Amino acid sequence: MSVYNAPCNIVGIGSCLGSLKITNEALAANLKTTPGFIEARTGIKARYRCDPEKENLYVLMAAAMEKAVHAADDISFEYIDGIFAACNPTGKFLLPDTPTVVASLVGIDNFYSGHGGTGCCGGFFALQYACNQLSLDTEENKTSVYAVVIGDETSAMITPGSLDEMLFSDGAVCVLVTNNTDLEPYYMVKKIDRKTTYEGSKALMLHRGADTYLHHDGRQVYKFAINIYPTILELTGKSRINPSTYFIPHQANVRIIHKLKEKSGLPNVYEDGVRNYGNTSPASVFMGLEDLTRRNLITTGQEILLAGFGEGLSVAVAELTSGRLVETRGKPFEEVLFGSPEIAERYMKEFNRIWEHQRSLQELQN
């Protein structure tokens, strides 16, 4: 458990989705079903995938990071002291790691970094690492700003024609955290906790097979997810959640979210993310936070409970208190989530330069 008495404040947040919109109508033909069945089963109206010619996971993360920087006051890339990343193995690189590739795209060097996976709970791990580091920095009277970048390009490993095509989107989100009390925060991080259990074969209900595609036991995931509310309460250390709390669970599918809403009894339970742009894996909870922030649906001083869950039998929570309101009220998510084509093109050119350089080095070694 990490309880933060030293400042761990979110001062910027930004999101980015893949630019290819996949509607239920387009998907139904490939899956030999109907658009109505897809929406009834998942709640999803559309999902978004990377156009391989225009973007990839690293480009989405860099674009989200740029948006977070623009959303923050008095912060630029040069003030970022480190990058903590969370993603599953959906990017091209094993080495260099994800933070290093993203840093190279946005022009940051000499930075502190950390990288983790842990499925759909990965964002909580990355945020915890960053906030723990801020606590250490505070003890040393050091002021820092860290970028937490979270996302996946899940379309890179979905089996064509599988039911997983209904669920997953490619997306990334970035939150900027700092212990600098001169910067007015959107949110104060109060507590993060997580729990992972191993129950034999159940922990292997999602894996990447020898064919490199995702293998997903949806029924087992569903059974696990609809029964996690007692674990969420355990991790908060409370017997009940304040009814005014805004609850943002992992945007897996609406049936799971509705079960959690029923068990929690909370009136404010977020589900717009999965409906509007599908399951973005570890990014989904934090993209939900960005969505509510941008639409001014969170009030000053309100408590927010984030909850993640996923394969590996992990559950994680983060408790936040809201600070200032944003100035982007009323903007539709399409206007904010998709960066300008010029931004994507700039980052994609830089990524291709790095990728070609890596290939050239490998050819020389061979």
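Some notes on this structure:
- When restricted to residues that are free of Cβ contacts under 8 Å to residues at least 60 places away in the same chain and polar (S, T, N, Q), region 6-23 contains 1.
- Test: D74 is on the phi > 0 side of the Ramachandran plot, more than 19 Å from the chain's Cα centre (by Cα) and touching a residue at least 12 places away in the same chain (Cβ under 8 Å): yes
- Note on region 6-50: residues that are in contact with a helix residue (DSSP H, G or I) (Cβ under 8 Å, 6 or more places away or on another chain) and in a loop (DSSP other than H, G, I, E, B) amount to 10.
- Condition met for T231 (more than 21 Å from Y48 (Cα to Cα) and either in a helix (DSSP H, G or I) or within 19 Å of the chain's Cα centre (by Cα) (or both)): yes
- Residues of region 283-292 satisfying the condition of being buried (at least 24 other Cβ atoms within 10 Å of the Cβ) and either outside any helix (DSSP H, G or I) or modelled with pLDDT under 95 (or both): E290
Listed here are the residues, each with its yes/no results for (1) farther than 20 Å from I13 by Cα; (2) assigned by TED's automatic domain parsing to the domain that holds I192; (3) crowded, with 23+ Cβ neighbours inside 10 Å; (4) of a type in the set (G, A, S).
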{"position": "F93", "(1), (2), (3), (4)": "yes, no, no, no"}
{"position": "P96", "(1), (2), (3), (4)": "yes, no, no, no"}
{"position": "S144", "(1), (2), (3), (4)": "no, no, no, yes"}
{"position": "V148", "(1), (2), (3), (4)": "no, no, yes, no"}
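- Filtered residue count, region 256-282, keeping only those that are among the basic types (K, R) and either over 20 Å from K223 (Cα atoms) or part of a loop (DSSP other than H, G, I, E, B) (or both): 1
- Residue within region 211-224 that is at pLDDT 95 or above and either within 22 Å of T196 (Cα to Cα) or under 16 Å from the mean Cα position of the chain (by Cα) (or both) present: no
- Pick from region 157-177, criterion of a type in the set (V, I, T) and more than 12 Å from M287 (Cβ to Cβ), ranking: surrounded by the most Cβ atoms within 10 Å (Cβ to Cβ): V177
- Residue check, G82 modelled with pLDDT of 95 or more and in the same structural domain as Q128 (by TED's automatic domain parsing): yes
The values are calculated or read from the model by the stated rules, or taken from the named source; none is laboratory data. The structure displayed is predicted, hence computed values, not measured ones. Because the Cβ atoms are built from the backbone with ideal geometry, glycine has one as well, and the counts that use them run over all protein chains shown.
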